[in-house]
1. Where residues in region 112-128 are outside any helix (DSSP H, G or I) and among the hydrophobic types (A, V, I, L, M, F, W, C), which of them is farthest from His85 (Cα to Cα)?
2. What's the number of the condition Pro26 fails, among (1) more than 26 Å from the chain's Cα centre (by Cα); (2) part of a loop (DSSP other than H, G, I, E, B); (3) not aromatic (Phe, Trp, Tyr)?
3. Output the residues belonging to region 54-105 that are part of a strand (DSSP E or B), over 24 Å from Pro154 (Cβ atoms) and among the polar types (S, T, N, Q).
4. Across region 163-200, which residue is farthest from the chain's Cα centre (by Cα) among those that are at pLDDT below 95 and among the small types (Gly, Ala, Ser)?
5. Could you look through region 1-23, keep only residues that are free of Cβ contacts under 8 Å to residues at least 24 places away in the same chain and part of a strand (DSSP E or B), and pick out the one that is surrounded by the fewest Cβ atoms within 10 Å (Cβ to Cβ)?
6. Quick one: in region 32-53, which of the residues that are among the small types (Gly, Ala, Ser) and in a helix (DSSP H, G or I) is farthest from Ile206 (Cα to Cα)?
7. Do the conditions hold for Arg45, that is, is it basic (Lys, Arg), in the same structural domain as Pro154 (by TED's automatic domain parsing), touching a residue at least 24 places away in the same chain (Cβ under 8 Å) and buried (at least 17 other Cβ atoms within 10 Å of the Cβ)?
Amino acid sequence: MIEVRELTKRYGAVRAVDGLSFEVKPGYVAGFLGPNGAGKSTTMRAVLGLDAPTSGEALVNGRRYAGIKRPMFEVGALLDANAVHGGRSAVNHLRCLARSNGIGLKRVVEVLEQVGLAGAAKRRVSALSLGMKQRLGVAAALLGDPGVLLFDEPVNGLDPEGIRWIRGLMRGLAAEGRTVLVSSHLMSEMALTADRIIVVGRGRLILESSMRDLADRFKRDVLVRTPDVAGLRSVLENAGASVSVDDGALVVRSLEAADIADLAARHGIAVHELTPRSATLEDAYLELTEDSVEFRTAEVAR
């Protein structure tokens, strides 16, 4: 479990993190979202003891990282795939990490196979592509078979097969009862991967929610297909709904799908499709963080 309690981190006059609190429980993939400069990486570094909080605390299983005797057995992390000695081979990089934490060398072979790098084990890190370095970083995170894992932008440099692989890996880790916190700017991936989301902006918490609750909060409309478009539209508008037509289908606001179905049945109107639609995660994210973006691009004149 990861617990962040009133965490504040200042760099001079800048508050990178400002009174941030949230928790990530076992059995879930939590998507950690926010604009550039929102404090995501700083928060992860605080959890891992790499940045000392100005105030507040960040705990792993109820303890500060510095108080964990064999950290790789409890916490695995990938923060920067390039933070590796380029002159070492992939296998020797993992062997060094394994020895430092009392992990058997057999485990090195296992994680190389798990991340798909067995065939590149003897290649120098400097010769690996960014995607392969990401896989090596994941292997290092998994080395101690920890129950808590943190990944900062893990899909950078991965090809489509690699993105699907790491998505399945993270969901599989959570299904095993592990705690998984992953930051990303790819909203489409987070929509497929995360069970919960934590949205931050300017170092502060904006929203902590399950994906289901987020969908309920950002409900948009209901798409309805019927052979009697005019008849059902009249019925729905008389019931107070806002209705428009899009490509032969009704787009209904202000009424739930169940209410639409009941009204159609009551008036003997057939319904061929009834689909509640929510805003995409990207739409919801952009709305939530609209006032928290520090670095905006200029509008391009047309």
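1. By that ranking, first place goes to Val115.
2. So Pro26 meets the others, but not (1).
3. The answer is Ser55, and nothing else.
4. Among those that are at pLDDT below 95 and among the small types (Gly, Ala, Ser), it is Ser188.
5. Taking the candidates together, the pick is Val14.
6. Looking at the filtered set, the residue picked out is Ala46.
7. Answer is yes for this residue.
Every residue, every condition in (1) part of a loop (DSSP other than H, G, I, E, B); (2) free of Cβ contacts under 8 Å to residues at least 60 places away in the same chain; (3) out of contact with any His (no Cβ under 8 Å at 6 or more places or on another chain), yes or no:
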| residue | (1), (2), (3) |
| --- | --- |
| Glu161 | no, yes, yes |
| Leu169 | no, yes, yes |
| Gly177 | yes, no, yes |
| Ala191 | no, no, yes |
| Glu208 | no, no, yes |
| Arg220 | no, yes, yes |
| Asp262 | no, yes, yes |
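The values are calculated or read from the model by the stated rules, or taken from the named source; none is laboratory data. Since the model is a prediction, treat every value here as computed from it, not as a measurement. Quick reminder, even Gly has a Cβ in these numbers, built from the backbone with ideal geometry, and neighbours come from all protein chains shown.
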